[in-house]
1. Restricting to segment 101-120, name every residue that is modelled with pLDDT of 95 or more and more than 16 Å from the chain's Cα centre (by Cα).
2. Which residue pairs have Cβ atoms closer than 7 Å, lie 6 or more positions apart in sequence or on different chains, and pair a first residue in segment 78-97 that is within 17 Å of residue 20 (Cβ to Cβ) with a second residue that is surrounded by fewer than 17 Cβ atoms within 10 Å (Cβ to Cβ) and not β-branched (Val, Ile, Thr)?
3. (1) among the hydrophobic types (A, V, I, L, M, F, W, C); (2) within 30 Å of residue 50 (Cβ to Cβ); (3) in a loop (DSSP other than H, G, I, E, B): which one isn't true of residue 117, the others all being true?
4. Restricting to segment 54-92, and then to whatever is of a type in the set (Phe, Trp, Tyr) and at pLDDT below 95, can you tell me which residue is most open to solvent (accessible area, probe 1.4 Å)?
5. Can you work out which of the residues in segment 1-18 that are modelled with pLDDT of 95 or more and not hydroxyl-bearing (Ser, Thr, Tyr) is most open to solvent (accessible area, probe 1.4 Å)?
6. Among the listed residues 38, 51, which satisfies the condition of being open to solvent by 30 Å² or more (accessible area, probe 1.4 Å), under 22 Å from residue 127 (Cβ atoms) and either hydrophobic (A, V, I, L, M, F, W, C) or modelled with pLDDT under 95 (or both)?
7. Test each condition in (1) open to solvent by 20 Å² or more (accessible area, probe 1.4 Å); (2) under 25 Å from residue 116 (Cβ atoms); (3) over 14 Å from the mean Cα position of the chain (by Cα) for residue 29 and report the one that comes out false.
8. For segment 150-166, which residues satisfy the criterion of being among the β-branched types (Val, Ile, Thr) and either open to solvent by 90 Å² or more (accessible area, probe 1.4 Å) or more than 14 Å from residue 28 (Cβ to Cβ) (or both)?
Amino acid sequence: METTRILGFGGSLREGSYNWALLENARDMMPDGSELILHDLKGIPIYNQDLDNNLPESVREFKSAVRNADGILIASPEYNFSIPGFLKNALDFASRPPHDNPFPGKPVAIMSASGSMLGGARVQYHLRQVLGYLDMRQIHRPEVFVASAHTKFDQNMKLTDETARDFIRLLLEKLVKEARYYSARKE
């Protein structure tokens, strides 16, 4: 069996981001026969429709990474009750032009970490609307919200909360299972 490739990217540009740490921790929790490939969105410029026929290299690389992945894992904080602007921008840019959208049919899972007591719940609800429009196959449960994140990671950014780790493992198992199912149907 081929390795199932999951593309992970995050909604935070901050050094020491808890959401990037979630992705790095998830890499060590992947089910057998799968791998998590992390992609940094930092170089993607602000979307401009004038560039649809001449995409910047960073956007072409992101679209290629999405196309080559069997599934997607997103970890994002919540900014002002919603999606961080650069994450929404990256999704918008990569989905353009419409005939070259790599997202339809891709299985996707979401996680979030936040210093708040809600753990980024609102970003997930807004992100689900966008991912639904992109026609992605969403894994809805378990919902992974790491609340009070500053108390759940050690000094090396290892996630120490076993309940959160268990939920992440279950989310990854479901995502990989769904990715394998849809990859097999495409062949």
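The values are calculated or read from the model by the stated rules, or taken from the named source; none is laboratory data. Treat the numbers as computed from the prediction; the structure is a model and nothing was measured. Methodologically, a virtual Cβ is constructed for each residue, glycine included, from the backbone with ideal geometry; neighbour enumeration extends over all protein chains shown. In case anyone asks, the SASA skips ligands and DNA or RNA and just uses the protein heavy atoms, side chains included. Shrake-Rupley method; radii C 1.70, N 1.55, O 1.52, S 1.80 Å.
1. 101 - this is the single residue of segment 101-120 that is modelled with pLDDT of 95 or more and more than 16 Å from the chain's Cα centre (by Cα).
2. 83/126; 86/13
3. (2)
4. Of the residues in segment 54-92, the ones of a type in the set (Phe, Trp, Tyr) are 62, 79, 81, 86.
Adding the requirement that they be at pLDDT below 95 leaves 79, 81, 86.
Working: 79: 99, 81: 119, 86: 50 Å².
Across segment 54-92, the extreme among qualifying residues is 81.
5. My answer is 5.
6. On the way: 51 fails: under 22 Å from residue 127 (Cβ atoms).
Going through 38, 51 in turn, just one is open to solvent by 30 Å² or more (accessible area, probe 1.4 Å), under 22 Å from residue 127 (Cβ atoms) and either hydrophobic (A, V, I, L, M, F, W, C) or modelled with pLDDT under 95 (or both): 38.
7. Exception for residue 29: condition (1).
8. To start, the set of residues in segment 150-166 that are among the β-branched types (Val, Ile, Thr) comprises 151, 160, 163.
Within segment 150-166, 151, 163 meet the criteria.
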